[in-house]
C-alpha cells in the first residue's frame, strides 16, 4: 500500500521532526509478546510444578489487577509486577528471584523474536540526511524501552526519547507529546507523529496539532474517525519512497 | 512472517500464474506416454509389485523408473484427476492435471523450505527458485518428476542444518528411494558428520535411520521382479559412463573419477562445515549433469544447491547461474518431447536430430566456470578451512588458583569436550611429585617448568603435525597427550605460558586471570588442593613475571565481589560478583556493551583508552545462562558452527567470560581471514 494522504493541507511542507511510537510501529509487537509470554509461563509452570494454564490464568488476573491499581502509568505495564503478583495469587508469596527470572526470560525471548519492520533503518537514514529531527514517544518503563532501542541498533538514529515513565502518564494523555515537543523545540504543526494505535497515537497527537500518520497493519481494517488521521501507510518502504521523491 | 513476505511479493503471483497456465493448458507428452499410464494402472490395479503388474499388462518398461515414494506422492491427486476425468470422459487430461497440481504443491513446499533456510532472502528465493525458467520448463512443460527427489533432499539438508540428524538420515533415505541418484549426496554428508568431532555423535543415528529407510524403501523392493526390471534395470543408469575418453583400447570414464576426486578433496580438508557440505554436494550434482547426456529432469538435481550458491555469491556469480539456467532451457527445449497444448494441440519443436553442440558447449563452459567459482569461494570464505589448517590456540595464564581451569572448563562446555585439546602446563613440571626439589621450589618460579617442551608440543599441535607427534609417542604417553587428531581449539593453561616471548607468540588469544586477591585467598582455602604457604611470600619476588604476562595479554579477567568490603567467611558464600575486563583491542567493546545492556540489562561501565584503543569494562548484575545464549546468537551468529551441539552456558560473570572469549575468537578469525 502506498503512502495515502488524507488531509492534504498537513503536507504542504517538509516536517521539521518526526515522532515515532515504538511497539507495533517500528517492529511487530504481538508475535514477540506471544512467544515471550509462552516461554515465561512455561518456565514458571516447571519451576512451580503447576500447569501452564493455571499460571496463565493467574498472570491475566494479576495483569488486570496491576493495571487497575496503577492506572495509565508506565509501571502498569511492568512484567515484573505482573509475574510477582501472579505468583502471589497462586498462594506462593512474593518470590523475588523467580519474579526477576521470569521477567528477564520474558524480555530475553521477546528480544530474540523481535525484528524491525522492513525499511525502518533506511527511512531513518533518509531523515538524518534531510536533517529532519526524530524522536520516540512510547509507553512503558524507560529501562526496557531503552534496551529495545539499543537491541535494534537504533540509538544513533533518534535525537530524543520520551517514555511514559518520564512524562508521568501513558498516551493518549498529552504529557508525553507535550514533553517531546518541548525537547524538540519545534511547533506541533511542523511535527509528524507515526504510530499504530488510533486512540493512543493518533487522537493524542492530533489534539495537540501534530500531523498524525497511521501505521496500519496489513490486515487491519477498522473504521475510524478520519479527522484524527492525516495520512496512513502499511509499509515503511512507501514512506521512504515519499521522502526520496521529495514531493514537497 | 515468511509466508506473509512470500504472499506480499508480486513475483510470487507471477510464478504461480505461469504454473497454473502450464498445468491447465499444457499436457506434457511424457505424462501421456509414460508416467500417467503407470500411475493409472497402479491405481486401478493395486499391487505390492505395481511394476510387475504393469509389465505383465504390456506396459513400457521405461514408463516409471521410480520407487514407492514417487508413486505415493503422485497418486492421490492423479486419482482424483482420474475420477473427475471419468465424469468428463477425459481421464488422460485430468490425471495429468492431477499430476501437475501435485507438483505445484511440492514446488510450493520447496519454496517454504527455502524461506525457512534463508528467511532474510525471500525476494531472492522467489527470483531464483520460484521464477527459475529451468524449473518451470522441466517440471511443468516437459513434465519430468525429478523436482520431488531434489526437494526431499533439500528437506534432508534443512534437517541437517537444524541439527535433527536422525530425521535427516530418514529423509535422505526417502530421497534416495525416490531417485537413486540422490545417493551422490551421501558420501559428502558422511564425511561432514565424521570429520566434525562435535557432530560425530550424530553419525550413528544418521546412518541408522538412513539404512532403515533404505532397507524398507529400496532394498526390500529390490526382491520384487518388476522393481528390478523397471527401477534398477533402467538403461539410464549407464549414462554415468557416457562422458569418457578412449585410447589404445582403453576407455576412461571421467564422471566416476571426478566424483571420487571431489570426495577425496573434501576428506582432505580435515574439517568441513555446513556451507562446505552444501557446496561439495552441489558441485558433484552439477558435474554429474554436465558429464551425462542432456536430460531435462537431471538438471533439477543441482538446482536447490545452485540456489544456495546463487544467494551467497556476488553479482557475477548470480548472473552466471541465471545464464546457465536459460541456456539449459534453450538446449533442452528442441531435444525433448515437451507438451501438447490443449488449444493448439501441439506446442513443441521436438527434433531428435537437432544439433545443439554449440549450445551444449556453452553450457559445459558455464557449468565448469560455476563449479570453479563455487569451489574457490566456498573454501576461501570458510573459517573452518582456515582452522583445519591450523587450530586456534588459546592461552590462559594467571597465578595459582586464579580460575584458569574454571575458565578452561567453561570453554570446553561451549565448544564440546571432543573439540578442545587441553594442554596443562602443570604436566611440564621439571621435578616429579616425589622429588625433594618439588617441595623446596616455588610454584611461582618459571624455571621449574619445562617451557621449551611445552613450546614444542604447542608448535606440533598447532600445525597438526601428526607424524612428528607419533614419533614422540613415548613422550606423549608420559604426558598423557591425546593420541586422537587435534581439533579446532587448543587451550593451554599455566602460570607462565606468556612469560617467554617465543612461547607467548604461539597463542592466537592470550587471556590472563587476575581475580581480587582476597577472593583468590578464600578460593585457595576452599580448595582441596591447597597450594604452598609460601605462595604469598614469594609472589612479590615473581611479581614482574606476572606483570609482563598481563602486558602481553589480549584480555585480562578480574573477578571481584560486588561488595568489596566483604571479608572473612562471607566470601565463601555465594556472593554477587562483578567482572572487570581489560581489552588490549577495544574494537568490539562498543558492540559488546550494547548487547550486554540491551539483552541482559546489566550495569556497565566502560572506559576506552584512546591512546592505544584498549578498554576496561566493569560489568555487574544478574545474568542468566539463557541471556548468555542469546548474547552468543546476537553477537557471533557465525560461530555457531564451532560450538558444541548443546553448548552449556554459565550464569553471571562466568557466562560473560564465555561470551568475551568467543568474541575475541571471532575477532581473531576475522584477522586471520583478512590476512
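Tabulated results
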item	result
At q = 0.09 Å⁻¹, base-10 log of I(q)/I(0) for the protein assembly as shown (Debye sum, equal scatterers on each alpha carbon)	-1.15
222 nm mean residue ellipticity, helices alone, for chain A (DSSP H n ≥ 4; -39,500 (n - 2.57); rounded to 500)	-14000 deg cm²/dmol
At R0 = 51 Å, FRET efficiency that the Cβ-Cβ distance of residue B:33 and residue B:194 yields, to 0.05	0.70
Rounded Å value of the spacing that divides the Cα centres of the range B:1-22 and the range B:99-168	14 Å
Gained length - residue B:614 relative to residue B:18, 0.36 nm times residue gap less alpha-carbon distance	208.6 nm
Among A:236, A:20, A:117: highest mean-square fluctuation, GNM of chain A, C-alpha pairs under 10 Å	A:117
For chain A: relative contact order, % (alpha-carbon pairs under 8 angstrom, 6 or more apart)	28 percent
Theoretical gain in end-to-end length, residue A:54 to residue A:178 [0.36 nm per residue, Cα-Cα removed]	40.4 nm
Computed over the range A:149-195: relative contact order in percent, which uses C-alpha pairs under 8 Å that are six or more apart	25 percent
Stretchable slack from residue B:80 to residue B:10, in nm (0.36 nm times residue separation minus alpha-carbon distance)	22.1 nm
Shape of the range B:168-275, Cα gyration tensor, a/c cut at 1.5	oblate
Shape call, the range B:70-139: gyration tensor on alpha carbons, a/c limit 1.5	prolate
Scaled radius of gyration (Cα, divided by 2.2 N^0.38 Å) that chain A gives	1.08
Within 10 Å of each Cβ in B:584-594, the average number of Cβ atoms from other chains	1
Over the range A:30-112, relative contact order from alpha-carbon pairs under 8 Å, at least 6 apart, %	39 percent
Spin-label pair residue B:651/residue B:622, simplified geometry with 7 Å Cα→Cβ offset, distance in nm	0.8 nm
Cα gyration tensor, the range B:51-209 - rounded (a/c under 1.5), prolate or oblate	oblate
The range A:30-112: radius of gyration over Cα atoms, expressed as a fraction of 2.2 N^0.38 Å	1.00
Cα centroid separation, the range A:109-161 to the range B:232-259 (Å)	61 Å
Förster radius 25 Å - calculated FRET efficiency between residue B:590 and residue A:94, Cβ distance, rounded to 0.05	0.10
Gap separating the Cα centres of the range A:1-48 and the range B:588-659, nearest whole Å	27 Å
Using a Förster distance of 56 Å, the FRET efficiency for residue B:45-residue A:42 (Cβ separation, nearest 0.05)	0.60
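FYI, it's all coordinate maths here, none of it is from the lab. Computed from a predicted structure; not experimentally measured. Cβ atoms come from the backbone with ideal geometry, glycine included; neighbour counts cover every protein chain shown.
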